[in-house]
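Below is one structure, written out as structure tokens, with a few remarks after it.
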Amino acid sequence: MMCGHAKELMAASWMPGSGAGELDAPQEAKLRQHLSGCAECSAEMSQLSALWDRLADLPAPEPSHALAVRWESTLDSLIASRRQKSWRFSLASLWPERPVWQVTIAVACLALGLAGGSFVNGKRGDSRTEIAALREEVANTKEMVALSLLQQQSAGERLRGVDYTVRMRTVEPDVVSALIQAVNHDSNVNVRLAAIDALSRVSGNPQVRQSMVQSLGEQDSPMVQAALIDYLVDARDRGAVDTLKRLAGRRDLNPSVRQRADRAMQQLTEYR
């Protein structure tokens, strides 16, 4: 065995506190044989063994008092933080962040509260009156939900607000005004189209038809223009003929919209 190989095996051949290292029996025997015949390697092995013995005699370092105080303080802070997070999770996480779900939960709580009061005090008053009051409160809350959704920044939420109005039994004046506002000023074409469709429920209202006629002259989207023309034809609003003529005379008008406007004028003039 060469000295270089023997030196590589020295550290592995000795472990403090035991008589055996990481070498197997044949490697250990070859190393011992080499050490018995090589004075240099034998001396280095003795120095290495003495060094390990002195290291084993060194006392184990113990943490200072200041370190122990800092450790206790850090541990207390972590425990307090975990308790605070757990408390916030148990309360705040139960309340949704989106306004629509907050209002929905409020509606459910209101309905349960009124229903419970109606059950407890049913013998003291007319149950039909209480049910009517409950329905009125729920309708008012639904109106609040629709108006809240129509004012959201997200176009998806505003579309949900329009859909919410379609599913309401009656369309209150505030909701009608909000839908007209959406037709006139909403930045999203899909929201405007959905609002026009939702207003078809109140096409018999002359003020609503007048608002749609005025909106037709201000729209720049061909899809919205076509939807408004169809709305006025379905409502048989003959007062929209003049506006349709002005619209058809615009040079920048989409050809398909112009054809639809010409056909609408013909249809409206035939109505009596």
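Derivation of every value follows stated rules applied to the coordinates shown; laboratory data play no part. What you see is a predicted model; the values in this text were computed from it and never measured. Please note: Cβ atoms are built from the backbone with ideal geometry, for glycine as well, and neighbour counts cover all protein chains shown.
If packing is taken as the mean number of other Cβ atoms within 10 Å per residue, what is the order of 206-214, 178-186, 26-34, highest first?
The most tightly packed comes first, giving 178-186, 206-214, 26-34.
Can you pull the one-decimal nm distance between simple spin-label points at residue 7 and residue 24, each 7 Å off the Cα toward Cβ?
Distance between the two pseudo-spin positions: 2.6 nm.
What ³J(HN,Hα) values, in whole Hz, does the Karplus curve 6.51 cos²θ - 1.76 cosθ + 1.60 give for the stretch 248-259 when θ = phi - 60°, with x put for Gly and Pro?
In residue order, the calculated couplings are 5, x, 6, 6, 8, 6, 4, x, 5, 5, 4, 4 Hz.
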